[in-house]
Amino acid sequence: MQTKVEIPESAFLATSSVPGDSSPVFTWSPLPPRRQLSFTKKQKLPHRVSEKELYPNCDVNVWLRSCEEEIIEPLEGCVKGTIPPWLQGCLLRNGPGSLKVGHEYFQHLFDSSALIHRFNIADGKVTYQCRFLKSDVYKRNWEAKRIVVTEFGTKAVPDPCHSIFDRVAAIFNPSLAQSDNSMISLYPFGDQIYAFGEIPIIHKINSETLETEKRVDISQYISIVHHTSHPHVLRNGDVYNLAMSMSTKGPVFNIVRFPHSVPEYHEATFEKANIVASIPSRWPFHPSYMHTFGITDNYFIIVEQPLNVAAAAVIANKLTNESLAGCFRWFPEEYTQINVISRKTGTLCRKFYAESFFYLHIINQYEDCGHVVVDICIYRDPSMLDCMYVETMKSMHHNPDYAKMFRGRPARYVLPMHEDENKDSSLNIVKLENTKAKAFYTSKGDILVTPERLCNVGCETPRINYENFLGKSYRFFYAISSDVDAENPGTIIKVDIHNKTTKKWFESNCYPSEPIFIPSPEAKFEDDGVVLSAMVWGGDDENHAGIIILDARTFTEIARAEFHTPSPVPKCLHGWFLPKKDV
């Protein structure tokens, strides 16, 4: 007889703080026998319509704006408050910049042309610039004055000069007929900054002028077809990323190391890239979608969620010129598999299973007394990707399901690395104190993990004291609200995971982006420093950008700079802070 594991109420990750929005109680049994997954076309989510405006405090248009004029010469901002004298450098940001090309419009937020922002802080003053990333697809689109390459959620009108044989060739060469719109993040390789998307093409950005200086196809140096847009940068300058390769046995997930190189020979970073760990995809014909991964002193953590990319659909969509979004498949009955890989041997140490969830961002991960702790912003399903279709966003205020589609919560999974002789499925094998996360053996010897919710607030684009606590035991993380039905959707959140408390900063009609923690030079505590966040304003105040500087300990405003721009400023996604010595 199989033992059923009941998830405690504290772990209900989709529970909302909004009255009347309750989540069902889930009771689930140990791992079912492995079954062959059958692909079906993605079902459309039910879409109910309400006549009244349901989310009056949320202005989705901050994402839908299009920048119409680059700011090449820096604008000087109006500074209020006192900027700490030690805070010198530039905050670089990446994200959607324009949803239109000529008279055509992209259909998904992820397709928008990348716009790079720069807030330079020097001697108590702040300047602002923004420029489009000049990718190949950007230049082709703007030269043709139409969308010429099919994107994640937008189908382009095919070029009649491209035959079916051109499309077949593109299947075997990921750099052909594929968008190189690096619109998600920015990361440093040594003293150079690069813009990332999820195909292995990155763009070098001049950190002072924002010019796009170089296009680097990483697949020319190492055989990969996909990588995450969130590599990890270690203190010694080495960069690690999770990538996927194709082998004769199917997809393989690789950890790629890019060794730090001296500025005089920066190309060595890519020329000496090497694979340091590999595991085969859990499912040979439908690898899991990956956006982030984890790293500790001794382990890599790869989380294979049941949101898959169907290999057959990829080939079919290439041939028919359909968008990539149509290749995704969600299997809610499958468990999420969490793989722990040895950094020393590069091989799988242990794997764990959890109730199915969708995620984009891992908050942090660390080792503690024979356990690996992994904190993740998770969702019940990938509906939030559908929330970012332009038409869905435009109609969100009359969609009663929209807030639930975007509902997520930060969760903690605790992975016991010790082997128990007594595999009693009724015993919790997590030995750590001060956690409600649990782990159980199943009747087949697999380990099933149940999470602990870190707070009852929707959190996205999480950041930590990255320089000092990546892969280490930590206490605080910072994020922006993902609850569109909250009283103040434009909120920056500080979460104390020890005390399970939150602090918030918000301002009416103001929409901050990913908060980045900068430690003070003589920091004595984990949260001794400041938090920076780029801001835009809602409503008609669309030619208005700014940067907020918060005291990280008290989470109160100490300074800000605001700018009035010649054209609309859309909200951004991810970025990086370069101290003055690196600028």
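Throughout, read-outs are computed from the coordinates displayed, never taken from laboratory work. Remember, predicted model here, so these are calculated numbers, not experimental data. With ideal geometry, Cβ positions are generated from the backbone for all residues, glycine too; neighbour counts draw on all protein chains shown.
Structural remarks
- Between N428 and E487, the simple spin-label model (points 7 angstrom out along Cα→Cβ) gives 3.3 nm.
- Zone residues, the range 317-339, relative to S395, backbone N less than 19 Å from point 7 Å out along Cα-to-Cβ: 326
- 3J(HN,Hα) couplings calculated from phi for the range 572-578 with the Karplus curve 6.51 cos²θ - 1.76 cosθ + 1.60 (θ = phi - 60°) are, in sequence order, 9, 9, 10, x, 8, 9, 9 Hz; Gly and Pro show x.
- Distance from the range 411-487 to the range 108-143 (C-alpha centre basis), Å: 36
- Placing pseudo-labels 7 Å out from each Cα toward the beta carbon at E467 and H103 gives an inter-label distance of 5.2 nm.
- Long-range tail of P(r) for the range 410-482 (Cα pairs > 20 Å, %): 45
- Among 503-511, 409-417, the order from most to least packed when residues are scored by Cβ within 10 Å on average: 409-417, 503-511
- Proximal aspartates and glutamates to K318, defined as alpha-carbon separation beneath 12 angstrom and excluding residues fewer than eight positions away on the same chain: E151, D166
- Just so you know, the Rg over Rh for the range 46-165 is 1.11, from Cα atoms, with Rh as the Kirkwood radius.
- Whether the range 51-113 is rounded, prolate or oblate, judged on the alpha carbon gyration tensor where a/c under 1.5 counts as rounded: oblate
- Cα pair count fraction exceeding 23 Å, expressed as % - the range 464-583: 31
- The orientation-averaged projected area of the convex hull spanned by the Cα atoms of the range 458-502 comes to 3.3 nm².
- Protection proxy ranking of 88-97, 468-477, by the mean of other Cβ atoms within 10 Å over each peptide's residues and highest first, is 88-97, 468-477.
- The range 77-155, relative contact order [Cα under 8 Å, separation at least 6], %: 32
- When the convex hull of its Cα atoms is viewed from all sides, the range 311-463 shows a mean projected area of 12.7 nm².
- The range 563-583 and the range 197-268 have Cα centres lying 22 Å from one another.
- Computed extension gain for F285 through E73, at 0.36 nm per residue and net of the alpha carbon distance, reaches 71.4 nm.
- N236 paired with K52, simple spin-label distance in nm, labels 7 Å along Cα-to-beta-carbon: 6.1
- Where Cα atoms sit under 27 Å apart: lysine pairs in the range 337-480 separated by 8 or more or lying on different chains: 20
- Amide H within-cut-off set for F477, under 5 Å, with H built and near neighbours excluded: V495, I497
- Farthest positive-ward along the chain dipole, Cα basis, beta-carbon charges - from S66, S247, W142: S247
- Remark: the K214-K500 segment gains 98.5 nm on full extension, using 0.36 nm per residue and subtracting the alpha carbon distance.
- Those residues of the range 179-206 whose amide nitrogen sits under 18 Å from the label point placed on E271, 7 Å along Cα→Cβ: 189-192
- Shape annotation for the range 244-348: C-alpha extents along the principal axes are 45, 31, 24 Å, from largest to smallest.
- Anisotropy class of the chain from Cα gyration tensor, a/c 1.5 cut: rounded
- Ratio of Rg to Rh for the range 191-286: 1.00 [Cα atoms; Kirkwood radius as inverse mean 1/r over pairs].
- In this structure, the pairs whose alpha-carbon distance is over 31 Å, taken from K80/K494; K52/K504; K100/K504; K52/K134, are K100/K504; K52/K134.
- Per the Kirkwood formula applied to alpha carbons, the range 368-450 shows a radius of gyration over Rh ratio, Rg over Rh, of 1.20.
- Ranked by the mean number of other Cβ atoms within 10 Å of their residues, highest first, the peptides 209-219, 298-308 come out as 298-308, 209-219.
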